[in-house]
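The values are calculated or read from the model by the stated rules, or taken from the named source; none is laboratory data. Note that this is a predicted model, so its numbers are computed, not measured. Ideal geometry is used to build each Cβ from the backbone, glycine not excepted, and the neighbour counts take in all protein chains shown.
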Amino acid sequence: MNTLADGPMAVDGGLRWNHRFAALGPAFFTRLAPQPVPAPYWVGRSRAVAAELGLPDDWMSSNAALEVFSGNLPLSGSAPLASVYSGHQFGHWAGQLGDGRALLLGEMITPTGAGRELQLKGSGLTPYSRMGDGRAVLRSSIREFLCSEAMHGLGIPTSRALCVTGSDHEVYREAIETAAVVTRVAPSFIRFGHFEHFSHRGQHEHLKTLADFVIDGFYPECRVTTLHDGNPYAALLEAVSARTAATVAQWQAVGFCHGVMNTDNMSILGLTIDYGPFQFLDAFDPGHICNHSDHQGRYAYNRQPNIAYWNLFCLGQALLPLIGEPEVAMAALEPFKTIFPAALEARMRAKLGLLDARPQDRELIEGILKLLAQDRVDYTIFWRRLSGHVAGDATEAVRDLFLDREAIDAWMLHYSERTMTISRWDSANLMLKTNPKYVLRNHLGEEAIQAAKHKDFSGVGRLLVLLERPFDEHPDSEALAGFPPDWASTISISCSS
């Protein structure tokens, strides 16, 4: 049994590792060790993720763990590597990319027997860093750490974050910043871009090896499918399309903007990965662009579903040498067009507390979204106040959010007629479990980041507690569920974030 480190730094009972990705062969990665950072310190730790991995609390508080997850000490049993992939960025073929600032330590076997890959992000230069320095900065690392756990708390498929460590080592972006390392966790970090890499190069044997690996490890049902005349690669494309559709429907329902949906940022497992210039909507604006590097608005909130389909089309092109016929590949993509709208409508019905589906529900949903956009109403606060209204709060709390009182009154009448035969308790219970009180708004993250720059990490810890349980009331943190301050609109989040 492997241990985390030799001698007194070992974890009692040891850890088990798998290195399935490494078994694919050297065409898929480059082996190298992380580059140390000087004098690391803890910024944030997720006890929930540590428990899932079987890492004891006392060890996660130790100096040994701090050094390990800063890239300064090897994790016994791990075998670090940077994987290679390619992809489309902002709609254009970018060629070879890869893990330019991340290292996969390996696949840890959890106490339940599940496999979880551990990856250090910000651990130094790799052969795929291109013009970058291989480092991550404190602000972006805090954002990724908190948002990974926030999305998990919301029930949205996502990579997780075990911890983030910092160092006073200087990193140059638009200004001088300090370095940080995030330890990311997922069943797999394989992306659409991995398939594009080998397909674009005509390395179809490697493409098949990768596809077989993904099918056998994560989509075994594709081997026994009757879909597409039993073609497992077309079945894989359809399965990935279905998972992606369901995940993006959850993004849209909760008001989440990813910000940079390049094909190399799309998970083959339908997870939300690569948290960069993300944002949860404040005022509801369907055309909102959260990434200040996105000058054309390609990744605006309302374009995310279409971009997801475009990325799946690119995946289909990459898999075409295995699928065979273009018509079969297009047929495998077709379910996205029905799964996404159905999943989104189901999510929106739940937000409204509707326990069954009726034909007029779409009009009700579209009506409130139109009013929210018209008056630029705060998205999260509206849905939480509506939940409170159904639970017994006064209607005024909802009406006060709108300038056009006549329009919201008409919609509320329509809504009350629709819910007249539904148990108010059941409806409110569903809504309060569907509409979060707390999301990781940009200004909340920014306040925690500014404090962290002065070595005050209490804001990171406080937000983590709220975001792990975003549907709970947390009465001592009521102010963090309020409207964003005016300065929140001036926060600039770009691809370097």
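Given the condition at pLDDT 95 or above, farther than 15 Å from S83 by Cα and assigned to a strand (DSSP E or B), answer yes or no: does some residue in the range 204-223 qualify?
No, there is no match, as no residue in the range 204-223 is at pLDDT 95 or above, farther than 15 Å from S83 by Cα and assigned to a strand (DSSP E or B).
Just checking, does the range 24-42 include any residue being under 23 Å from the mean Cα position of the chain (by Cα) and modelled with pLDDT of 95 or more?
yes
Identify all residues within the range 298-352 that are part of a helix (DSSP H, G or I), surrounded by 20 or more Cβ atoms within 10 Å (Cβ to Cβ) and of a type in the set (S, T, Y); write none if there are none.
Y301 - this is the single residue of the range 298-352 that is part of a helix (DSSP H, G or I), surrounded by 20 or more Cβ atoms within 10 Å (Cβ to Cβ) and of a type in the set (S, T, Y).
Somewhere in the range 160-173, is a residue assigned by TED's automatic domain parsing to the domain that holds E52, closer than 30 Å to D378 by Cα, in contact (Cβ under 8 Å) with a residue 24 or more places away in the chain and among the hydrophobic types (A, V, I, L, M, F, W, C)?
Yes: one or more hits.
State all residues of the range 276-295 that are among the polar types (S, T, N, Q), in a loop (DSSP other than H, G, I, E, B) and modelled with pLDDT of 95 or more; if no residue qualifies, say none.
N291
Tell me yes or no: at least one residue of the range 25-33 is in a helix (DSSP H, G or I), over 30 Å from Q296 (Cβ atoms) and without any contact (Cβ under 8 Å) to a residue 60 or more places away in the chain.
Yes, the range 25-33 contains a residue that is in a helix (DSSP H, G or I), over 30 Å from Q296 (Cβ atoms) and without any contact (Cβ under 8 Å) to a residue 60 or more places away in the chain.
V185 is checked against (1) outside any strand (DSSP E or B); (2) in contact with a strand residue (DSSP E or B) (Cβ under 8 Å, 6 or more places away or on another chain); (3) of a type in the set (V, I, T) and fails just one. What number does that condition carry?
Here V185 meets the rest and fails (1).
With the checklist (1) without any contact (Cβ under 8 Å) to a residue 24 or more places away in the chain; (2) in contact with a Lys or Arg (Cβ under 7 Å, 6 or more places away or on another chain) in hand, flag the one item P220 doesn't pass.
Going through the list (1) without any contact (Cβ under 8 Å) to a residue 24 or more places away in the chain; (2) in contact with a Lys or Arg (Cβ under 7 Å, 6 or more places away or on another chain), P220 breaks only (2).
The conditions are (1) in contact (Cβ under 8 Å) with a residue 12 or more places away in the chain; (2) surrounded by fewer than 18 Cβ atoms within 10 Å (Cβ to Cβ); (3) more than 30 Å from P187 (Cα to Cα), and E366 fails exactly one of them. Which is it?
The one condition E366 does not meet is (1).
Kindly indicate the residue of the range 252-276 that is out of contact with any Pro (no Cβ under 9 Å at 6 or more places or on another chain) and of a type in the set (A, V, I, L, M, F, W, C) and also nearest to N435 (Cα to Cα) among those meeting that condition.
Only one residue fits best here, namely A253.
Between V439, V390, which is outside any loop (DSSP other than H, G, I, E, B), surrounded by 15 or more Cβ atoms within 10 Å (Cβ to Cβ) and at pLDDT 95 or above?
Exactly one residue qualifies, and that residue is V390.
What are the residue pairs meeting all of these: first residue in the range 392-407, first residue closer than 12 Å to F382 by Cα, second residue aromatic (F, W, Y), Cβ atoms under 9 Å, and 6 or more apart or on different chains?
Sorted first by the residue in the range 392-407, then by its partner, the pairs are V398/F382; L401/F382; F402/F382.
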